[in-house]
Amino acid sequence: MKNIVILISGRGSNMEAIVRACADEGWPAQVSAVISNRADAQGLTFAREQGIATAVLDHKGFVSREAFDAELARRIDGFAADVVVLAGFMRILTDGFVARYEGRMVNVHPSLLPAFTGLNTHRRAIEAGCKLAGATVHFVTPTLDHGPIIAQAVVPVLAGDTPETLGARVLEREHVMYPRAVGSLVRGELRMVGGVVTHALGESQLLL
């Protein structure tokens, strides 16, 4: 049984989707803890209602990013994490922290990477005239919003779309794709060769 620790900063809707999928699909894993850098993160309430351990680690109480990450790692390791999932965790992590969880820390980004790294992805996709947008699940590396791609979901950009309407459709796809990707990871179904991730059972890593 593998332990999953999920990091959030807000609502944690992807966290909710992963918790539900883990239970409903009988993964060989459990969500052992949800950790937030914000005490008012709404997702903490859901986690507690599910009987999941929670912790709050306010980054503003640390003198440096390195000090915060060191304490965060100590908390994560205290829950014997096999997999670390970033689900709207709004912190840039240090290289040392990322290296500590290499190959077992994943993130979801609301664009079809490598396009539109960083913020304001939906506005930028609309302004660029993209006909397709989406989201990407990837292994976390020291370079922000990069790393080997595990799965992608695609949605059309519609006439009249705003960043809010496009973002809502992308998020719906994230709620399906992210649990699917994490489930594949904990079941040991992913393989990486030359920085390219494939599914060992040949299942699709693209959600349309």
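With respect to the conditions (1) within 24 Å of A181 (Cα to Cα); (2) without any contact (Cβ under 8 Å) to a residue 60 or more places away in the chain; (3) not hydrophobic (A, V, I, L, M, F, W, C), R91 lacks only one, and its number is (2). With respect to (1) of a type in the set (D, E, K, R); (2) assigned by TED's automatic domain parsing to the domain that holds S32; (3) outside any loop (DSSP other than H, G, I, E, B), the lone exception for R124 is condition (2). Count, please, the residues in region 18-54 that happen to be aliphatic (A, V, I, L, M) and under 20 Å from V140 (Cα atoms). Count: 5. Looking only at residues of region 89-121 that are of a type in the set (S, T, N, Q) and not in a helix (DSSP H, G or I), we find that the one that is nearest to the chain's Cα centre (by Cα) is N107.
For region 31-80, taking the residues that are β-branched (V, I, T) and buried (at least 16 other Cβ atoms within 10 Å of the Cβ), the one that is farthest from Y101 (Cα to Cα) is identified as I52.
Among the residues of region 127-162, those that are assigned to a strand (DSSP E or B) and in contact (Cβ under 8 Å) with a residue 40 or more places away in the chain comprise A135, V137, F139, I149, I150, A151, Q152, A153, V154.
The helices (runs of 4 or more DSSP H) found entirely in region 1-88 that carry 3 or more residues being over 25 Å from L171 (Cβ atoms) are 65-78.
The values are calculated or read from the model by the stated rules, or taken from the named source; none is laboratory data. Bear in mind that the values here come from a model prediction, so they are computed numbers and not experimental data. Note: ideal-geometry Cβ built from the backbone for every residue, glycine included; neighbour counts use all protein chains shown.
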